[in-house]
Each structure stands twice: as C-alpha cells, then as structure tokens.
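Heads up, the thing below is written out as structure tokens.
The values are calculated or read from the model by the stated rules, or taken from the named source; none is laboratory data. None of the values given here were measured: they were computed from a predicted structure. Cβ placement follows ideal geometry from the backbone for every residue including glycine, while neighbour counts extend to all protein chains displayed.
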Amino acid sequence: MDKKTMMETMKVAISNVMETMFFQPVQINDKNCTLQEWFSDKESLLGAKLNFTGPSSGSCYFLIPAKLVSEITANFLGLEKDETNEGQRRDTIKEALNMIGGHMFSLCDNEGAISLGIPELIEEKNIKSYRLGEIKGETVFIETEDSHLAAGVITEMK
Amino acid sequence: MSFNVLIVDDSSSMRAIIKKIIKVSGFGVGEFLEAADGKEALEILADKWVDIVLTDINMPNMNGMELIVEMKKDELMRSIPVVMVTTEGSEKKMQEAMDLGASGYVTKPFLPEDIKKTLSSIMGEEDGQKNHDGDDEGGDF
C-alpha cells in the first residue's frame, strides 16, 4: 500500500468519522506546512496514537486542541460542553482515532491484512509545541468551523 | 417482551452511544449490561441472562472474535446472538466474524439507523415499532 493512497484514504476517513459520529463538518487543508506552524505554541493539545502491523506497519496519530475535544465529546455523547469530564474527553480522542484508523484501513485494505492495535493517549509532554517537530510522518491538516486539528501516519520501512 | 442487552467495548463513550441509540429506538430493553472487554463479558454472561451481545473487536485482554469463540463453546451462551460493532470493515474480517457465528456486523462510523436495523433483523421489529413514539429516524440522537 503506497503512502499516497493511504493519505488520500485518511482524508476520506477523517471527514466521514468527524461528520457522522461527532457532527463536526471538516475541511481538509492541503497547504504544505509543519505541525509547529499549524498549531499555535499557546494551544493546549491532546493526542492519541494507534499502532498497526501487517504488510505496512507503523502508527496513526491524532492531535487536537483541548477546546475542540470538549466540543466533539459533547457532540458525541449528547451533552453540554461543560458537562463532559476528563475521562470522557480522553476516551473520545482515542475512539476518534480508532474509528479514523479502522475506517481508513477498511477502505484501502479490503484483504484485512493490516491488524490494528489499541489506541493510546500520547503523553502530554510529547505534544508540547517544541516537540511537534519530532513527529515524523505524513500529516493531514484539518479545519473545522472555528478550530483545527491534524492526523497522520508514521510508517516503518520493512 | 423485553430483552437484556450486553454492550462490550473498551470505550465507555462508545458503550454510552450504543446504549442511547438502542434506548431511543424504542426497543423493549429490560436491562443494559456493559463490559470493557471479552473477559468481563464472559463473567457477566456466566452470571446474568442476556438476549443479545453487541461487541467491539479490538479490545485489550480478550477481543471480540475470541469472545464469540468462547461463547460458542458454552452450551447456554452459544445461542445468544452476537453483533460486531467495530472499526474493522474489511470483507475478510466480516467473513471471519460471520464464520465464527456472529449474527450481525456494523462498522464504525455508523448511523443510529444501522444499529437499529441490525437489531430489528435479529430480535424482530415488533418491539422497536410498537414502543416507538413516532420518529423512525432514531429519536433525538
């Protein structure tokens, strides 16, 4: 599976998941930038990663501002933003990535040759602005009506 | 007639969503039971009467496929319908689940209607239609 196909499929998966499960219309931004440029260093970010193995191995990641997490968690659970708790917000990020990764591979890997792991939160210290440059991989930059997020894939060469 | 539903998913948010969809769809549910993985599910199944299981596949400790295998080994559990609700959408995984004895397969992301239709086809539409108060699109979800 080539990277280009994987990334194009990821864009479709992100749109489908964000709109169907989180009622969050999104637009893919095709501008060529880095994660450090995409996110302000004042933004508090949360993130998750999901490992996969098979003919291609690596991990998918998902980075999202804390404020937007509250919004999508509220949409997902049918609550008001201030009614969501930290556990629900953390769970939502992991589940969002789980659905994006799973949907992506189901669209481009009909043989089911890729096995997905269990989504995990990325430690907060690893997604501080100054460390975003250390995330090496292909990234999709996504805009919502009043915020933005990013998702990507890091593939390991075999 | 009401039935007991066991929802198995390591995401508590996903369990809450599925529960909400089933509730607003008007099925006559007696009791909702929840488990975070296959092992917990088996413990509940050994202790409580359950009419249908909805399970994720990728979970820690025991995944959804392993759960079906264990259920099919048990004389009492083997007849309980199992619906997979999972991000795994490849033909191969679906076939694997059906070969193991799954009764239905819903891929995430899903619409409330997908869960409702699958449950109706397995449990019969009677409860969903009789108890539902008008909105056929899944209530206020």
Restricting segment B:87-110 to residues that are over 23 Å from residue A:95 (Cβ atoms) and touching a strand residue (DSSP E or B) at 6+ places or on another chain (Cβ under 8 Å), the one nearest to the other protein chains (Cβ to nearest Cβ) turns out to be B:98
Residue A:145 fails exactly one of (1) buried (at least 19 other Cβ atoms within 10 Å of the Cβ); (2) acidic (Asp, Glu); (3) more than 13 Å from chain B (Cβ to nearest Cβ), namely (1)
Residues located in segment A:1-58, provided they are at pLDDT 90 or above, among the polar types (S, T, N, Q) and not in a strand (DSSP E or B): A:9, A:15, A:16, A:20, A:24
Looking at segment A:27-41, can you tell me whether even one residue there is within 24 Å of residue B:111 (Cβ to Cβ) and of a type outside the set (Ser, Thr, Tyr)? yes
Please name all residue pairs, on different chains or six or more residues apart, with Cβ atoms under 7 Å, provided the first residue is in segment A:75-95 and is within 7 Å of chain B (Cβ to nearest Cβ) and at positive phi and the second residue is assigned to a helix (DSSP H, G or I) and surrounded by 13 or more Cβ atoms within 10 Å (Cβ to Cβ). A:78/B:20
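Have a look at B:127, B:133 and point out the one that is modelled with pLDDT under 95, of a type in the set (Asp, Glu) and buried (at least 16 other Cβ atoms within 10 Å of the Cβ). Write out each step before concluding.
Numbers: B:133 fails: buried (at least 16 other Cβ atoms within 10 Å of the Cβ).
Result of the check over B:127, B:133: B:127.
Mind listing just one residue for me: the one in segment B:38-78 that is assigned to a strand (DSSP E or B) and of a type in the set (A, V, I, L, M) and, of those, farthest from residue A:51 (Cα to Cα)?
At the first step, the residues of segment B:38-78 found to be assigned to a strand (DSSP E or B) are B:52-55.
The next check asks that each one be of a type in the set (A, V, I, L, M); those that pass are B:52-54.
On the way: B:52: 31, B:53: 27, B:54: 24 Å.
Top of the filtered list is B:52.
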So if I check each of B:52, B:44, which one is away from every other protein chain (no Cβ under 14 Å), closer than 30 Å to residue A:78 by Cβ and surrounded by fewer than 18 Cβ atoms within 10 Å (Cβ to Cβ)? B:44
